[in-house]
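> Handing you a structure now.
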Amino acid sequence: MTPVARIRTVVPADAAPLSALAGELGYPTTTEEMRNRIEGAASDPHHAIYVAEMDAIVGWIHMSVNLSLESGISAEIRGLIVTEACRGGGVGSMLVAAGEAWAKKKGCRRIRVRTNAAREKAQAFYAKLGYRITKTQEVFDKELAGSGNAKY
Ligand SMILES: CC(C)(COP(=O)(O)OP(=O)(O)OC[C@H]1O[C@@H](n2cnc3c(N)ncnc32)[C@H](O)[C@@H]1OP(=O)(O)O)[C@@H](O)C(=O)NCCC(=O)NCCS
């Protein structure tokens, strides 16, 4: 039987395992950077981060509530990862359920998640949980010279 994970709200002391998981997903992040991000999110009621814990932290989800002039208020899954060894055991579903419950409590009617088109497995996962593709987009980034000291 798959051991059940405990879902709880993140605390800054979780920074090291969360940065390790971000690295697993392809986003190398130092523990200090992650601690700053966790503290930034924790001080903002429009963000929530939950972790899944077994013997250690095995996954996390980052949620936000977004305001759009075009489409109003909606929730978004900003990041989700379950460590490879624990995938397929229901942990991802538990994290999404926690994120959905938070979004409902915030009064949101819709949750959006953007996932890289190359992540076919993640797409199968979201489809299984009732998410449907509503549009595809190109993403444009630009580096801003002479900046980079933003604090949240
Ligand atoms: C996507 C991810 C979070 C899913 O977590 P998980 O704990 O493995 O998911 P679950 O075990 O809760 O799976 C729930 C359902 O999704 C489906 N699913 C999960 N992984 C799947 C896969 N690789 N292929 C097809 N279906 C899959 C399963 O059918 C499962 O339903 P079942 O219980 O009937 O078998 C995890 O695979 C992961 O961290 N992937 C890498 C990071 C990533 O892609 N994150 C999303 C970026 S937005």
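> Pull out all pairs, ordered by first then second residue, where Cβ-Cβ is under 8 Å, the residues are six or more apart or on different chains, the first lies in the stretch 14-34 and is without any contact (Cβ under 8 Å) to a residue 12 or more places away in the chain, and the second is surrounded by 14 or more Cβ atoms within 10 Å (Cβ to Cβ) and of a type in the set (Val, Ile, Thr).
Close Cβ pairs satisfying both conditions: Gly23/Thr29.
> Could you tell me whether the stretch 43-57 includes any residue that is under 28 Å from Cys108 (Cα atoms), hydroxyl-bearing (Ser, Thr, Tyr) and surrounded by 19 or more Cβ atoms within 10 Å (Cβ to Cβ)?
Among the residues of the stretch 43-57, at least one is under 28 Å from Cys108 (Cα atoms), hydroxyl-bearing (Ser, Thr, Tyr) and surrounded by 19 or more Cβ atoms within 10 Å (Cβ to Cβ), which makes the answer yes.
> Can you pull out the residues in the stretch 57-75 that are within 15 Å of the ligand (Cβ to nearest atom) and free of Cβ contacts under 8 Å to residues at least 40 places away in the same chain? Spell out the reasoning first.
Looking only at the stretch 57-75, we keep the residues that are within 15 Å of the ligand (Cβ to nearest atom), and these are 57-64, 75.
If the condition is that a residue be within 15 Å of the ligand (Cβ to nearest atom) and free of Cβ contacts under 8 Å to residues at least 40 places away in the same chain, then Ile61, His62, Ser64, Ala75 are the ones that fit.
> Keeping to the stretch 42-58, report how many residues are closer than 15 Å to Ala103 by Cα and of a type in the set (A, V, I, L, M, F, W, C). First the steps, then the outcome.
Step one: filter the stretch 42-58 for residues closer than 15 Å to Ala103 by Cα, giving 44-50.
From what's left, of a type in the set (A, V, I, L, M, F, W, C): 48-49.
Residues meeting the conditions: 2.
> From the list Gly99, Gly72, Gly107, Gly89, exactly one residue is more than 16 Å from the chain's Cα centre (by Cα), under 18 Å from Ala48 (Cβ atoms) and of a type outside the set (D, E, K, R). Which is it? Talk me through it step by step, then tell me what you get.
Values: Gly99 fails: more than 16 Å from the chain's Cα centre (by Cα); Gly72 fails: under 18 Å from Ala48 (Cβ atoms); Gly89 fails: under 18 Å from Ala48 (Cβ atoms).
Result of the check over Gly99, Gly72, Gly107, Gly89: Gly107.
> From Ser64, Ser93, which residue is in contact with a strand residue (DSSP E or B) (Cβ under 8 Å, 6 or more places away or on another chain) and of a type in the set (S, T, N, Q)?
On the way: Ser93 fails: in contact with a strand residue (DSSP E or B) (Cβ under 8 Å, 6 or more places away or on another chain).
Only one candidate qualifies: Ser64.
> Looking at Ala150, is it over 23 Å from Leu21 (Cβ atoms) and either among the small types (Gly, Ala, Ser) or surrounded by 10 or more Cβ atoms within 10 Å (Cβ to Cβ) (or both)?
Numbers: over 23 Å from Leu21 (Cβ atoms): yes; either among the small types (Gly, Ala, Ser) or surrounded by 10 or more Cβ atoms within 10 Å (Cβ to Cβ) (or both): yes.
Taking the combined requirement at face value, the residue satisfies it.
> If you don't mind, another one. Is there a residue in the stretch 96-107 that is more than 16 Å from the ligand (Cβ to nearest atom), closer than 23 Å to Thr9 by Cα and assigned to a loop (DSSP other than H, G, I, E, B)? Steps first, answer last, please.
Our first condition is that a residue be more than 16 Å from the ligand (Cβ to nearest atom); within the stretch 96-107, this holds for 102, 104-107.
Of the ones still in play, those that are also closer than 23 Å to Thr9 by Cα are 102, 104-107.
Okay, now just the ones that are also assigned to a loop (DSSP other than H, G, I, E, B), so 106-107.
Within the stretch 96-107 (the criterion being more than 16 Å from the ligand (Cβ to nearest atom), closer than 23 Å to Thr9 by Cα and assigned to a loop (DSSP other than H, G, I, E, B)), the answer is yes, since at least one residue qualifies.
Just so you know, all these numbers are worked out from the coordinates, no wet-lab data involved. In this text the structure is predicted, and so the values were computed from the model without any measurement. Glycine also receives a Cβ, built like all others from the backbone with ideal geometry; neighbour counts cover every protein chain displayed.
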